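Right, one structure below, let's go through it.
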Amino acid sequence: MDKKQAKERIENLRSQVEYHAKKYYDDDKPEISDFEYDMLMVELRNLEKEFPEFQSKDSLTQKVGGTVKEGFKKVTHEVPLQSLQDVFSIEEVKEYVEKIEEKAKENDIKNVTYVVETKIDGLSAALEYKNGELIRGATRGNGVVGEDVTENLKTVKTIPRKLKDSINITVRGEVFISKKDFEKMNQEREENEEELFANSRNAAAGSLRQLDSKVTEKRPLDIYIFNVQKIEGKQFNSHYEELEYLEKLGFNVNPVRIYCKDIEEIEKAIHQIGEDRENLTFGIDGAVVKVDDLKFREILGSTAKTPRWAVAYKYPPEKKETKLKDIICQVGRTGVITPMAILEPVKVAGSTISKTTLHNQDFIKEKDLKIGDTVVIQKAGDVIPEIVEVRKDKRTGKEIKFEMPKKCPVCGAPAIREEGEAAIRCTGIECQAKLFRNLVHFVSREAMNIDGLGENIIGQLLENKLIENIADIYTLKFEDIASLKKNGQKFAQNLKDSIEKSKENDLHRLITALGIRHVGAKASKLLARKYKNIDNLIEAEFEDLSMINDIGPIVANSIREFFNQEQTIDLIKKLKEAGVNTTSKEEENIDNRFEGKTFVLTGTLENYTRGEASNLIEKFGGKTSGTVSKKTDYVLAGEEAGSKLTKAQSLGVTVITEAEFQEMVNG
C-alpha cells in the first residue's frame with residue numbers, strides 16, 4: 001500500500017470508527033458487533049503505526065470515545081477514566097508481559113505479579129464519597145469530562161449511600177444488567193412492541209443515561225467496583241489489597257480476580273475465565289490483565305488514552321455449525337407471530353443452543369434460510385444466540401422452503417402483514433396468546449374504565465381460569481373475585497360495581513376497548529357519532545369508512561378486517577348478552593360550527609379540563625391536535641402557555657383566549 005492509498009484508507013476508517021463509536025457510546029444503538037468494531041480499530045491502529053505521518057490527536061485510537069449528553073451537568077474527572085488497550089491473541093498478551101518484565105528489570109523491580117479480572121460488559125462510572133457518604137456519581141464520558149448521573153446511580157441498590165468508614169474516596173466501577181434481567185427486559189419490550197436492546201451493555205448505558213431518574217429506577221441495574229481512583233488518608237501497596245479494602249467498605253467488587261505470578265498463570269487464568277463465562281450471571285467481553293504493584297504502575301504511567309499497566313484480552317466470538325431441523329411460529333402477547341429456529345443442539349461459548357429466534361419473514365428471506373440447512377451459530381453480546389450464515393455449499397436439494405403462516409397458529413384467525421411493517425400479526429380478538437394484553441386494554445381508563453381490574457388481578461383471574469375471554473369479565477362471581485385477596489369482600493363489591501357501571505358506557509368507549517388496530521379514542525368517537533350503534537359499524541362498507549375525516553383507507557381496511565372475523569362477531573354477541581351497551585348516547589348534533597377547523601390546546605384553562613374543551617370542539621364538528629402547524633386554525637391558550645404559543649405566534653396562527661373560546665361555544 002502506497003502513501004496515497006494509506007491516507008485514503010485511514011480517513012475512511014476514521015470516518016467509520018467515529019460513526020460507529022457515536023452509535024455505541026452516545027446513542028446506545030450499535031449497528032455492528034463489538035468484534036467488527038474492534039477489527040476496524042485494529043486496522044486503523046496498525047496503519048497509523050505504519051504511516052506515522054498520518055497520525056492525529058483527534059483519531060479515536062488516541063482518545064476515549066463518548067460525549068456528554070445534552071441535559072446532564074458536566075463533571076470533570078480529577079483522575080481520568082481511561083480505556084484499555086485491546087489485544088486479541090494470547091501471543092499479544094505474552095508480548096505485553098515481556099515488555100512489562102523488561103521495564104521491571106530496567107527499574108530493578110523483581111517478582112512482578114498480576115491480577116486477571118473479568119472485563120464486564122457495561123458502562124463505566126465513577127463514585128465520589130466524602131466522609132464516607134456518596135456525594136456524586138458520573139459516567140466516563142470522554143474520559144476527562146463525564147455526565148453527572150448522581151440521582152440515577154442512587155437508584156442502583158448495590159451502590160452504598162454510606163460506607164463503613166468515614167473516608168474520602170473516588171472509585172470506578174462498571175454498571176451492568178445481568179444476563180437474566182436483560183433477557184427478561186427484551187422479552188417484555190418485544191411483548192410491548194418496543195425496539196429491542198441490541199445487547200446488555202447498551203441497555204445498561206441507555207438506562208443510566210436517562211434524564212428522568214424514575215425511568216432508571218425501573219431498570220435492573222447493578223454495579224461491580226474494580227478500581228480506586230483516589231483516596232485520602234490511606235496507602236496501599238497492591239491492587240489486590242485495594243480490592244479487599246473496597247469489599248470491607250461495603251462495595252460490590254468484581255467477583256472474578258485471579259492473582260498471577262507469571263505468564264503461565266496469566267494464560268491459565270484467561271482460559272479459565274473463558275471456560276467459566278457461561279456460568280457467570282453477568283456478561284463479559286474479555287479478561288483484563290493488570291500489574292498488581294501500585295508503585296510500579298506509577299513508573300509505567302499512561303498514554304493520553306490508555307494505562308500502560310493493564311491490557312484487555314478480547315475473546316473471539318465463537319461460531320459453530322449445526323442443522324436447522326425445523327421452523328415453528330410463536331405468538332406474542334400483542335399478536336406478533338415470530339418464527340423460531342429449532343436446531344440440532346450445539347455447544348457455543350459454553351452453553352448448549354437448541355433454538356433461536358429468526359425475528360421475521362424478512363430475516364429468513366435475507367439469509368435464504370431453508371429447513372434442513374446447515375447454519376452457523378454465534379452468540380451475540382455473550383447472551384443471545386443467532387444464525388449468522390447459511391452453508392449453501394452443504395445443501396443436498398432436500399431442504400424445504402419456509403413460508404410464514406396465513407393463519408394464527410394459536411387461534412386460526414387471519415395473520416396479516418401491514419404495508420411498511422416487518423411483523424406478521426394475529427388479528428383474532430379472542431386469541432389465547434393475546435388474551436392478557438387484550439384484557440388489559442379493554443378495561444383501561446380510555447376504554448371501558450373498569451376501576452380495580454389492573455394487570456395483577458387480570459393475571460390472577462387467568463391463572464385461576466376464572467376468565468377465558470373478554471366477555472367473561474361480565475359473568476365473574478362475587479366469591480371468585482373475593483378469593484383473590486385476603487379479606488376481599490370490599491374489593492369484590494367495588495369491582496363488581498365498577499364492572500356493572502361499565503355496561504352503561506357510551507359506544508365510543510366500547511369501540512376503543514375492542515382494540516381495532518389504528519383506531520384510538522378519537523377515531524372511536526368519530527365512528528360512534530357516524531354509525532350510532534355497533535351493528536351499523538359492523539355493516540359499514542370500506543368506501544364509506546375511508547371517506548370519514550381522519551379515518552382514511554388504511555384505518556378503514558383495518559376496521560373491515562376486524563369486523564369480518566368470526567371471533568369479533570362472537571365477542572360482540574357475548575357482550576350484548578351480558579348487557580353491555582352498544583349504542584351511542586350522544587344526541588345528534590346539527591350544529592357543526594367548527595367543521596373543518598383544527599384546534600391546539602396549550603396552558604391551563606380555568607373553566608375546562610383539556611378533555612372537556614376537546615369534547616366541545618369535537619361536538620361541534622372540529623378536531624384537536626397536539627402539534628401546531630400552518631394547518632392549525634386556532635391555538636386555545638390558557639395560563640402558562642409554553643412553546644406551542646410561541647410557535648403559533650411565529651407561524652401567524654390565530655391565538656384565542658378562554659373567554660374568546662367561550663364566546664365561540666355560546667355562539
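General remarks:
- Residue check for Phe296: surrounded by 17 or more Cβ atoms within 10 Å (Cβ to Cβ), at pLDDT 90 or above, not in a strand (DSSP E or B) and not assigned by TED's automatic domain parsing to the domain that holds Ile32: yes
- Qualifying positions in segment 578-605 - touching an Asp or Glu at 6+ places or on another chain (Cβ under 6 Å), within 27 Å of Asn449 (Cβ to Cβ) and charged (D, E, K, R): Lys585
- Scanning segment 37-52 for residues that are assigned to a helix (DSSP H, G or I), more than 16 Å from Asp121 (Cα to Cα) and touching a residue at least 12 places away in the same chain (Cβ under 8 Å) gives Leu40, Met41, Val42, Glu43, Leu44, Arg45, Leu47, Glu48, Glu50.
- Lys486 out of contact with any Ser or Thr (no Cβ under 7 Å at 6 or more places or on another chain), on the phi < 0 side of the Ramachandran plot, at pLDDT below 95 and in a loop (DSSP other than H, G, I, E, B): yes
- Listed by first and then second residue, the pairs with beta-carbon distance under 6 Å, at least 6 apart or on different chains, first residue in segment 434-454 and in the same structural domain as Ala521 (by TED's automatic domain parsing) and in contact (Cβ under 8 Å) with a residue 60 or more places away in the chain, second outside any loop (DSSP other than H, G, I, E, B) and surrounded by fewer than 17 Cβ atoms within 10 Å (Cβ to Cβ), are Glu446/Ala521.
- Residue count for segment 439-483, restricted to those that are outside any loop (DSSP other than H, G, I, E, B) and touching an Asp or Glu at 6+ places or on another chain (Cβ under 7 Å): 1
- Selected residue (only one of Glu278, Glu191 is surrounded by fewer than 18 Cβ atoms within 10 Å (Cβ to Cβ), within 30 Å of Arg425 (Cα to Cα) and within 25 Å of the chain's Cα centre (by Cα)): Glu191
- Residue match in segment 324-336 (condition: touching a Cys at 6+ places or on another chain (Cβ under 8 Å) and not β-branched (Val, Ile, Thr)): yes
- Qualifying residues in segment 234-275 (those that are of a type in the set (A, V, I, L, M, F, W, C) and part of a loop (DSSP other than H, G, I, E, B)) - the one surrounded by the fewest Cβ atoms within 10 Å (Cβ to Cβ): Phe236
- For segment 83-131, the set of residues classified as assigned to a loop (DSSP other than H, G, I, E, B) and either surrounded by fewer than 14 Cβ atoms within 10 Å (Cβ to Cβ) or at pLDDT 95 or above (or both) consists of Ser89, Asn107, Asp108, Lys110, Asn111, Val112, Thr113, Asn131, listed by residue number.
- For segment 476-504, the set of residues classified as surrounded by 13 or more Cβ atoms within 10 Å (Cβ to Cβ) and closer than 18 Å to Ile572 by Cβ consists of Ile499, Ser502, Lys503, listed by residue number.
- Of the residues making up segment 163-177, those that are in contact (Cβ under 8 Å) with a residue 40 or more places away in the chain and surrounded by fewer than 18 Cβ atoms within 10 Å (Cβ to Cβ) are Lys164, Asp165, Ile167, Asn168.
- From the options Val288, Val228, residue that is crowded, with 18+ Cβ neighbours inside 10 Å, out of contact with any helix residue (DSSP H, G or I) (no Cβ under 9 Å at 6 or more places or on another chain) and among the hydrophobic types (A, V, I, L, M, F, W, C): Val288
- Between Ile572, Ile617, the distinction of being in the same structural domain as Leu435 (by TED's automatic domain parsing), free of Cβ contacts under 8 Å to residues at least 60 places away in the same chain and surrounded by 15 or more Cβ atoms within 10 Å (Cβ to Cβ) belongs to Ile572 only.
- Of all residues in segment 373-411, exactly one satisfies the criterion of being more than 28 Å from Pro316 (Cα to Cα) and of a type in the set (Gly, Ala, Ser), namely Gly397.
- Long-range neighbours under 6 Å by Cβ, at least six apart or interchain, first residue under 23 Å from Leu153 (Cβ atoms) within segment 242-262, second among the β-branched types (Val, Ile, Thr) and surrounded by fewer than 17 Cβ atoms within 10 Å (Cβ to Cβ): Asn252/Thr158
- Given (1) in contact with a strand residue (DSSP E or B) (Cβ under 6 Å, 6 or more places away or on another chain); (2) under 12 Å from Leu127 (Cβ atoms), number of the condition Lys154 does not satisfy: (1)
- Taking (1) among the hydroxyl-bearing types (Ser, Thr, Tyr); (2) closer than 27 Å to Ala540 by Cβ; (3) not in a helix (DSSP H, G or I) in turn, Thr627 satisfies each apart from (2).
- Residue satisfying condition, being assigned by TED's automatic domain parsing to the domain that holds Arg308, of a type outside the set (D, E, K, R) and without any contact (Cβ under 8 Å) to a residue 40 or more places away in the chain, within set Asn107, Asn111, Asn131: Asn131
- Within segment 388-419, being under 30 Å from Lys320 (Cα atoms), hydrophobic (A, V, I, L, M, F, W, C) and touching a residue at least 60 places away in the same chain (Cβ under 8 Å) holds for Val388, Phe402, Met404.
- Residue in segment 339-350 that is touching a strand residue (DSSP E or B) at 6+ places or on another chain (Cβ under 6 Å) and on the phi > 0 side of the Ramachandran plot present: yes
The values are calculated or read from the model by the stated rules, or taken from the named source; none is laboratory data. Here the structure is a predicted model, which is why all the values come from computation and not from measurement. Cβ atoms come from the backbone with ideal geometry, glycine included; neighbour counts cover every protein chain shown.
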